[in-house]
Amino acid sequence: MRRTRAVRMRVYFMLAWTVLLASCGGAAPNLHVLEKPKNVDMIVKMNHGDFWKTVKMGAEVAAKEYNVNLTFKAPQNESDIDEQIRLVDESIKNNADAIILSASDYMRLAQVTDRAAYYKIPVISMDSEVASARITTFVGTNNYEAGQKAAERLIKLTGPESRIGVMNFVRGAKNADEREEGFMDYVARFPGVEVVDIEYCESDEQIARQLTRKMMKEHPDISGIVALNEVASIGTAEEIQELGYGGKVKIITFDSPAKVMELLQEGIVQGTVIQNPFNNGYLAVQYAVQVMEGIEVKEREDTKSRLIDLDNMLRPDNQKLLFPFVK
Amino acid sequence: MKLPRIRVSFKLRSIQTIITVSFTLMTILVVVAVSFMLYNKFTKTAEENAYLNIQQIIEQVNYHLELYVKGMQDIYEVVEEQINDTQDISSPVLREQLTTLLHTREDLVSVGLFTPGGKLVLDNPDLEMRKNTMLEEQSWFESAHDQPQKLSFSAPHIQNLYKGQYKWVVSLSRMIKYKDHGISKEGILLVDVNFRTIDELSRKVSLGKRGYAYIIDDLGNIVYHPQQQLIYAGLKYENLEPVFEYAFGSYIDKSTGEPRYITIRTVEPIKWKIVGVAYPDEIVTTKKDLNQFVFWFLLVVCAAVVVLAMFVSAKISQPLRRLEKSVQSVGQGDFNTPIHVSGAHEVVQLSKRFNFMLHRIRQLMDQIIHEQEAKRKSELDVLQSQINPHFLYNTLNSVIRLAEKGKKEEIVATITSLSKFFRISLSKGKNIITLEEELEHVRHYLIIQKIRFKNKFSYAIECEDLALSCRTLKLILQPIVENAIYHGIEKMSDEGLIRISASIQGDRLVIKVSDNGLGMTRQVMDQLLIGGNRSSGSGVGVKNVNERIRLYYGKNYGLSFESELEEGTTVTITLPVEKYDDEQQERGMA
């Protein structure tokens, strides 16, 4: 008797409660916004440079929007792969809820990535990939395509009969390899175009300068150079200007540091392939949130690359991409 | 402490249940209604406050921006004035003045004067111009050309004119007049203001965790947006159409799926619009908290109410239940337990009345018992009085018979005994006499009967001396002896013997009347004291004796029979030992 009574009371109560709640109109929960903040570690290649600062900005915007505690980590140098491995390990130890990794080395970061996956920490690959099957999703430029874009413009400038050089950054970095591959594959269509030199500057401006000087010394007939990342671009373009080849040697660069933009306006650099570092950062965090919430995500998100030249650099939508507010 | 009892007495229609349920339901209903109303009021107020807050924040940003823009306008005027006042545009005094001015304001990036054809006339700070500036195509140049009188504000853009940094600036431009070596010329004056201040003003706006503010110009272009790149990339969408329509106001926008609270203010001098975007579900986190609070509050209140209701109802119904139990026991025939008088006024009254009623019932019952007893006694007295005339009639008949036969001596003996018999029978109307008198009385009876029955039997009376003075009811032996004569001896062929003996055994006075007559069967014996049929008159006598003894002395006393056919019968009378004195006799009469 008591139980039936109790049940009856409970039913009444629940009814009253439902009415109460229904009338208050609870908002449908937005799946994308985390109820409780989660810790996401973003580990990139280098702790300086406009590119990475813009990535960080994008990530921070998303972190604010989705209620994420973002920790931004990077080694001093892009070539310091051991340090990057250590940083990933540290994130695993600190039990991050998700890791966003921009791997400096495609192969060497694979093991630690698998380890993170073993500890059930989802790893989102951003900007450049890593050789792990446990990667949840990749956010970044289609680097092969970007390489092809650069080649297309450079050959248009130098003509189908020319000798060109390549200034790459870190051998083994997936995006470096892909850009180079894209570039070389496009060049291969032109039998008259010869790639006379491929150098790796280790993402060091001084090394890039030295290598450029060496390249020009060894191959004075070079009519075009492609520099495959931000640091390589600055070093190469400035060295070419200094050597007095400005305008004569056509240069296609990657990314848009202020120095390169200056040189673009000066006519030293003829074009630059830009990525969307802001979107890379933003989307990486957004996907990290989706993965943590168990929402399915795309395997790859191509944040489009664009070729910027003197004609389109001042278009309002390009301005935002080229000149971020970096404090 | 009361709980076990409560559990036991939980019946569906009991007062306790009714009180508990109704009390609980009522309280819960009231609590729910009140919480509902308060909840609505609270959330509404909280929401309104939150929205008001947002409006105020945007208002403030707007105010600062207006102030800032006005400041920029003022500076522009100052620069223009200085140029106007100078006769020669290339004078070093002007240059110095401008340098000073530029130093006073941190956010002033550069001042430049251009010919309508786009040639540089004057710039400050003195910097090298870049190549490929394409300044004729830039918006500030075009708008100065198109609207020469109006000071135009450009959207934020990259300052690409001078070497050095690429800075985000807002350009103020207008066609002005200047004097070159005394000759008045037209030129476009450009003042570039660092966009950082505007950016910071807008960036600092925090509308909840995810809320933000953005700015659009009078043409609907986005001037500032914290996520401008996302918008360009198509990852983010702002519903600008309604924003463009409003100059001032707030509304809920649902174009992105999620409801967003939009607040719009216009920066007057330049017609820019500041748009605050806030997420209501975030603003009203208080709602969620409140929700939870109300839930637990209700739960606790309900639990408390149930317990309280059970306790109170138990307390209220307890005296009623006690009363019910008492009434029940009364119903089962127990009139003696008084009813507890405690609890609520009504219950007390009820109990009192019930007690009073019980008392009355008990009185009435006692009265009835008394009346019945009295009636019985009078009935017995009537019966007793009937014995005598019957006996007298018989005896006188025998005397007549003796007289006819001329047996003088026997007549004398008979009449003497008869006279003594009646004297003791009367015994001054007393009911209680001594055993001695009673024995005397029966002896005279036996003498008369012996004469009547022509010595068909003999008798013997034995009595302990101590027993002689014991009290006894009058006329208890005579009916038994009469019985023995008529039923035991009369039809016997041999001579009969009747023995009467009395003795004290403990606290009992035992009188035995035995005969050696026919005896009787057990059935007859059993019938004797019940006295089913009154037809054989003498049976009534024995029963009468027994009843009288019991009436006077209680159920422990009375007659018992032993009988064997052809052997005889012994009747034992048991009485309490009571010594005779006058006072006691009076009590016996009562």
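Only the coordinates and a few stated rules stand behind these numbers; no lab work does. Keep in mind it's a predicted model, so treat the numbers as computed, not measured. Cβ sites come from the backbone with ideal geometry, for glycine too, and all protein chains shown count toward neighbours.
Taking only complete DSSP H runs, can you tell me which helices of chain A stretch 15 Å or more along their own long axis by Cα positions and average at least -1.0 on the Kyte-Doolittle scale? Passing helices, by number: A:2-24, A:50-66, A:81-93, A:143-158, A:230-243, A:277-292. Excluding B:Asp515 itself, calculate the net charge of residues whose Cβ lies under 14 Å from the Cβ of B:Asp515, where each Lys or Arg counts +1 and each Asp or Glu counts -1. Counting the neighbours of B:Asp515, the net charge comes to -3. Compute the FRET efficiency between A:Ile295 and B:Phe295 as 1/(1 + (r/R0)^6), taking r as their Cβ-Cβ distance and R0 = 41 Å, and round to the nearest 0.05. With R0 = 41 Å, the Cβ-Cβ based efficiency is 0.90. The lysines within cross-link reach of B:Lys41, meaning a Cα-to-Cα straight distance under 23 Å and a gap of 8 or more places when in the same chain, are B:Lys287, B:Lys288. In terms of surrounding Cβ atoms within a 10 Å radius of their Cβ, A:Arg108, B:Arg376, B:Arg452 rank from fewest to most as B:Arg376, A:Arg108, B:Arg452. By DSSP, the beta bridges lying fully in chain A are antiparallel in about 5 percent of cases. Between helix B:435-452 and chain B there is an angle of about 50 degrees, using the helix long axis and the longest principal axis of the Cα atoms. If you wrap the tightest convex hull around every Cα atom of the stretch B:90-246 and split its volume per residue, you get 144 Å³. Share of pairwise Cα-Cα distances greater than 40 Å in the protein assembly as shown is 67 percent (whole percent). Remark: chain B is approximated by an ellipsoid whose semi-axes, taken from the C-alpha gyration tensor as √(5λ), come to 148, 19, 16 Å, largest first. Label sites at B:Gln165 and A:Asp185, each approximated as a point 7 angstrom past Cα along Cα to Cβ, lie 4.1 nm apart. In plain terms, the chain from B:Glu495 to B:Gln372 could stretch by 39.8 nm, reckoned as 0.36 nm per residue minus the Cα-Cα distance. Per residue, the protein assembly as shown reaches -17000 deg cm²/dmol at 222 nm when only DSSP H runs of four or more residues are counted, each adding -39500 (n - 2.57).
Bridgeable lysines around A:Lys93 (alpha carbons under 18 Å apart, same-chain partners fewer than 8 residues away excluded): A:Lys38, A:Lys73, A:Lys120.
Each Lys and Arg contributes +1 and each Asp and Glu -1, all at the Cβ; summed about the Cα centre of chain A, the dipole is approximately 2120 debye.
Exposure proxy ranking for A:Val187, A:Val88, based on other Cβ atoms within 10 angstrom of each Cβ and starting from the fewest, stands as A:Val187, A:Val88.
Each of A:Asp89, B:Asp515 was scored by other Cβ atoms within 10 Å of its Cβ. Listed from fewest to most, they are A:Asp89, B:Asp515. In this structure, the pairs whose alpha-carbon distance is over 29 Å, taken from A:Lys64/B:Lys44; A:Lys259/B:Lys271; A:Lys259/B:Lys177; A:Lys64/A:Lys320; A:Lys56/A:Lys259, are A:Lys259/B:Lys271; A:Lys259/B:Lys177.
Note on B:Asp218/A:Glu242: beta-carbon distance plugged into 1/(1 + (r/R0)^6) with R0 of 45 Å gives a FRET efficiency of 0.45. Modelled this way, with points 7 Å down the Cα-to-C-beta line, the labels at B:Val30 and B:Ser184 are 8.8 nm from one another. In this rough spin-label picture, where each label sits 7 Å from Cα along the Cβ direction, the B:Arg550-A:Gln210 distance is 14.1 nm. Using only the Cα atoms of the stretch A:207-264, build the gyration tensor, take square roots of its eigenvalues as a ≥ b ≥ c, and label the shape rounded, prolate or oblate: rounded if a/c is under 1.5, else prolate if a/b is larger than b/c, else oblate. Because a/c hits 1.5 or more and a/b exceeds b/c, the stretch A:207-264 counts as prolate.
Divide the volume of the convex hull around the Cα atoms of the stretch B:238-313 by the residue count and you get 116 Å³ per residue. Shape class of chain A from the alpha-carbon gyration tensor: prolate, with a/c at 1.5 or above and a/b greater than b/c. Rounded to 0.05, the FRET efficiency of the B:Gln363 and B:Glu567 pair, given R0 = 51 Å and the Cβ-Cβ distance, is 0.45.
Listed by chain and number, the aspartates and glutamates whose C-alpha is less than 20 Å from the C-alpha of B:Lys315, apart from same-chain residues fewer than 8 away, are B:Glu324, B:Glu346. Contact order for chain B, expressed relative to its length and based on alpha carbon pairs under 8 Å spaced 6+ residues apart, stands at 10 percent.
In terms of distances greater than 20 angstrom between alpha carbons, the cross-link table entries A:Lys53/B:Lys273; B:Lys377/B:Lys430; A:Lys149/A:Lys217; B:Lys209/B:Lys236; B:Lys428/B:Lys512 yield A:Lys53/B:Lys273; A:Lys149/A:Lys217; B:Lys428/B:Lys512.
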